[in-house]
Structures are given as structure tokens and as C-alpha cells.
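A.B. asks: The structure that follows is given in the form of C-alpha cells.
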Ligand code: DX5
Ligand code: ZN
């Protein structure tokens with residue numbers, strides 16, 4: 001069983017002091033920093049771009065897990081790579097050619113993630129699974145933090161675990177959206193090994209980030 005990693009989503013951080021919030025996450029034991037990039041087109045929200053990521057990366061030693069909820073995504077991949085993204089995760093619906101976009105990320109020597117929205121089937125990426133490092137399973141419809149967890153997506157994680165076994169391939173399975181101290185157990189049991197969390201990490205226990213990360217790791 002893979003070690004469970006915690007990737008806090010800075011979408012729930014105080015945007016008035018993002019640098020300090022990243023430091024708190026680093027000191028609090030985060031394994032990755034989950035950066036939700038939204039363009040107001042692929043999803044109905046707009047967040048940050050490459051220049052903010054570049055500035056934040058300067059003072060942070062942990063890897064940036066960049067979730068691109070932007071479309072079209074292919075022409076922006078290099079900009080996020082140059083900004084310092086370590087994992088670049090894209091949505092299959094946001095590119096005209098998933099094979100080319102995956103190759104582009106690999107050429108840039110970054111880890112490749114592909115994200116499935118709640119209504120998107122595993123089938124759409126099954127021919128690419130041997131080429132990617134991570135599958136990001138959305139357990140909310142992308143766009144906002146603080147939404148309710150959708151347990152039905154756990155079936156997709158179980159399906160991915162079966163494919164890993166049958167095809168003897170490996171990739172991380174990350175779950176993203178509405179994760180809390182309760183439902184993370186079912187997510188881990190289904191086979192997720194990276195938990196994204198925004199609200200639970202930044203808002204629970206009076207915002208005690210270290211306590212919240214430790215609690216998620218102890219599950
Ligand atoms: C939603 C984002 C998620 C979200 C998670 O579109 O992709 O990463 O910020 O936040 P919580 O944990 O608050 O649901
Ligand atoms: Zn995300």
C-alpha cells in the first residue's frame with residue numbers, strides 16, 4: 001500500500017497572504033501543494049496564473065501539484081512548466097489531442113496528471129493510463145472549494161485499481177473535492193493515495209493546519 005500523501009488546496013487559503021500560507025503548509029507537513037488554476041471558461045471561477053505560481057514557488061521546497069482547470073489547455077502547458085509546476089494535471093475535455101498534451105508535459109520533464117470530473121468515465125483515458133503518473137478523481141464538480149463530497153466517484157477509483165492490477169501498471173490516484181476526516185477513509189479504502197483538501201485543512205480545528213494534516217495522515 002502506498003504512503004498516503006496530503007496535497008492541501010490553496011484555493012481555501014487566505015489569498016491576502018498566500019506566501020505565508022504556503023509556508024504554514026510546508027511547516028505543517030504537506031507533501032504537495034495543490035494549486036487550482038481556473039480560467040472562468042472551463043469552470044465558472046477564475047483564480048491564479050503562472051506569474052503567481054512562479055512567485056510562490058520561490059520560497060517553497062515542496063512540489064507544486066498544479067491542477068489546470070483551463071481550456072484550451074495545450075498552449076498553456078509550457079507556461080505552467082516554466083512557472084515551476086512539478087505535476088501538471090489536465091482535463092481530457094480541455095484538449096483536442098490528449099496524447100499530444102501528455103507528450104508535451106513529459107517532454108518538459110514534468111509529472112503528468114489527468115483529471116476526471118464526476119460525470120467523466122474512466123474509459124476516456126484508459127488508453128493513456130500507461131503514459132501518466134497520476135489520475136485525479138474529482139469528487140465535486142470543479143470550480144469551488146467547500147462543496148459536498150460525491151461518494152459515487154469512488155467506483156472509478158476501484159475501477160482504476162483493477163486496471164492497475166490487470167495491466168501491471170502504476171500511477172498515483174488523487175481525490176479532490178469535499179474531502180474530510182470521515183470520507184477520506186472510504187477514499188483510501190477504494191485506493192486513493194493522495195488526498196487533496198482545502199476547507200478541511202484550512203478551516204477545521206480553528207485553522208490549525210499542522211493538526212489537520214496530521215489527522216488526515218493518521219487515518
Ligand atoms: C475544486 C478544486 C478542489 C477544491 C478542494 O474545483 O479542484 O481542489 O479546491 O477544496 P475542498 O477540499 O474545500 O473541497
Ligand atoms: Zn483541484
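A.B. asks: If you go through region 19-40 one residue at a time, how many are within 14 Å of ligand 1 (Cβ to nearest atom) and either part of a helix (DSSP H, G or I) or touching a residue at least 12 places away in the same chain (Cβ under 8 Å) (or both)?
C.D. replies: Adding up the residues that qualify gives 11.
A.B. asks: Something else: Which residue is farthest from ligand 1 (Cβ to nearest atom), if the candidates are limited to region 166-177 and must be assigned to a loop (DSSP other than H, G, I, E, B) and touching a helix residue (DSSP H, G or I) at 6+ places or on another chain (Cβ under 7 Å)?
C.D. replies: Within region 166-177, the match that is farthest from ligand 1 (Cβ to nearest atom) is 169.
A.B. asks: Residue 101 versus (1) out of contact with any helix residue (DSSP H, G or I) (no Cβ under 7 Å at 6 or more places or on another chain); (2) crowded, with 20+ Cβ neighbours inside 10 Å: which is the lone unmet condition?
C.D. replies: Tallying (1) out of contact with any helix residue (DSSP H, G or I) (no Cβ under 7 Å at 6 or more places or on another chain); (2) crowded, with 20+ Cβ neighbours inside 10 Å, residue 101 fails exactly one: (1).
A.B. asks: Any residue that is under 15 Å from residue 144 (Cα atoms), modelled with pLDDT of 95 or more and within 15 Å of ligand 2 (Cβ to nearest atom) - is there at least one of those in region 69-88?
C.D. replies: yes
A.B. asks: Follow-up question, since we're still on this one. Which of the numbered conditions does residue 163 fail, given that it passes all the others? Conditions: (1) in a loop (DSSP other than H, G, I, E, B); (2) surrounded by fewer than 21 Cβ atoms within 10 Å (Cβ to Cβ); (3) in contact with a helix residue (DSSP H, G or I) (Cβ under 8 Å, 6 or more places away or on another chain).
C.D. replies: The single condition residue 163 does not satisfy is (1).
A.B. asks: Working only within region 131-151, note down all residues that are in a helix (DSSP H, G or I) and within 16 Å of ligand 1 (Cβ to nearest atom).
C.D. replies: From region 131-151, those in a helix (DSSP H, G or I) are 131, 151; that's our starting set.
Residue satisfying the conditions is 151 alone.
A.B. asks: Tally up the residues in region 131-155 that are within 18 Å of residue 2 (Cα to Cα) and more than 14 Å from ligand 2 (Cβ to nearest atom), please.
C.D. replies: Residues that pass the stated criteria total 3.
A.B. asks: Within region 53-74, how many residues turn out to be farther than 25 Å from residue 103 by Cα and either surrounded by fewer than 18 Cβ atoms within 10 Å (Cβ to Cβ) or over 18 Å from the mean Cα position of the chain (by Cα) (or both)?
C.D. replies: 5
A.B. asks: Do we have any residue at all in region 118-130 that's more than 16 Å from ligand 1 (Cβ to nearest atom), touching a strand residue (DSSP E or B) at 6+ places or on another chain (Cβ under 6 Å) and not in a helix (DSSP H, G or I)?
C.D. replies: No, region 118-130 has no match at all.
A.B. asks: Here is a further query. Residues in region 75-93 that are under 16 Å from the mean Cα position of the chain (by Cα) and in a helix (DSSP H, G or I): how many?
C.D. replies: Summing the residues that are under 16 Å from the mean Cα position of the chain (by Cα) and in a helix (DSSP H, G or I) in region 75-93 gives 4.
A.B. asks: Those residues that are more than 16 Å from ligand 1 (Cβ to nearest atom) and either surrounded by 20 or more Cβ atoms within 10 Å (Cβ to Cβ) or farther than 16 Å from residue 134 by Cβ (or both), I need them from region 81-98; list them, please.
C.D. replies: Within region 81-98, 82, 83, 84, 95, 96, 97, 98 qualify.
A.B. asks: Now for a different question. I want to confirm something. Restricting to region 104-148 and keeping residues that are exposed (fewer than 15 other Cβ atoms within 10 Å of the Cβ) and on the phi > 0 side of the Ramachandran plot, which single residue is farthest from the chain's Cα centre (by Cα)?
C.D. replies: Ranking the qualifying residues of region 104-148, first place goes to 109.
The values are calculated or read from the model by the stated rules, or taken from the named source; none is laboratory data. As the structure is a computational prediction, the values presented were derived from the model and not from experiment. Here Cβ is always computed from backbone atoms with ideal geometry, including for glycine, and neighbour counts include all displayed protein chains.
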